[in-house]
Amino acid sequence: MENELRSSNAGQGMGIAALVLGILAVIASFIPCFGLFAILFGVLAIIFGAVGLSQAKKGNASVTMPKTGLILGIVATAFVIVWMIVVVGAFGAAAYSAADEIKDSIENDMQNISNDSIPDENLDFEMVDTLDTSN
């Protein structure tokens, strides 16, 4: 008896879709301001890769393309999520620092205004009278 294995195309269409979307997700994840597209492509690659992998295993077909698309989708989505956390954290820290500087500046200005409004006891009013040129 000869062991004949038939080639099956089960899950290959989903695998190709997952692979293309995974590649697009990885490319988009490295381009600034395209993170949302990368997440969208990555999630779709994960979904299509998982469905294609399931179909390929049931149909005893090759699992290479669905598995590769699934892995690329996971990597791209994880990269974008980590990148967004870093960027949001950096902007949050900068905003918090700027708020502290503004608060300190306002407090210093208020203190300078209150110090300037206290009359100096040693002020020479005769000097002020000589400057009056309204005669």
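Are any of the residues in the stretch 36-45 over 12 Å from Ile74 (Cα atoms) and out of contact with any Gly (no Cβ under 9 Å at 6 or more places or on another chain)?
The answer is yes; a qualifying residue exists.
Being part of a helix (DSSP H, G or I) and of a type in the set (A, V, I, L, M, F, W, C) narrows it down to one residue among Ala76, Ala61; which is it?
On inspection, the qualifying residue turns out to be Ala76.
So that you can scan it fast, the table gives a plain yes or no per residue for (1) surrounded by 16 or more Cβ atoms within 10 Å (Cβ to Cβ); (2) under 21 Å from Ser8 (Cβ atoms); (3) aromatic (Phe, Trp, Tyr):
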{"residue": "Leu21", "(1), (2), (3)": "yes, no, no"}
{"residue": "Phe30", "(1), (2), (3)": "no, no, yes"}
{"residue": "Phe37", "(1), (2), (3)": "yes, no, yes"}
{"residue": "Gly52", "(1), (2), (3)": "yes, yes, no"}
{"residue": "Asn60", "(1), (2), (3)": "no, yes, no"}
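Kindly indicate whether Lys103 is surrounded by 14 or more Cβ atoms within 10 Å (Cβ to Cβ), of a type outside the set (A, V, I, L, M) and outside any loop (DSSP other than H, G, I, E, B). Show your work before the answer.
Details: surrounded by 14 or more Cβ atoms within 10 Å (Cβ to Cβ): no; of a type outside the set (A, V, I, L, M): yes; outside any loop (DSSP other than H, G, I, E, B): yes.
Considered against the rule, which asks whether it is surrounded by 14 or more Cβ atoms within 10 Å (Cβ to Cβ), of a type outside the set (A, V, I, L, M) and outside any loop (DSSP other than H, G, I, E, B), Lys103 comes out as no.
Read-outs throughout are calculated quantities, based only on the coordinates presented, and are distinct from any laboratory measurement. None of the values given here were measured: they were computed from a predicted structure. Using ideal geometry, Cβ is built from the backbone for each residue, glycine included, and neighbour counts are taken over all protein chains shown.
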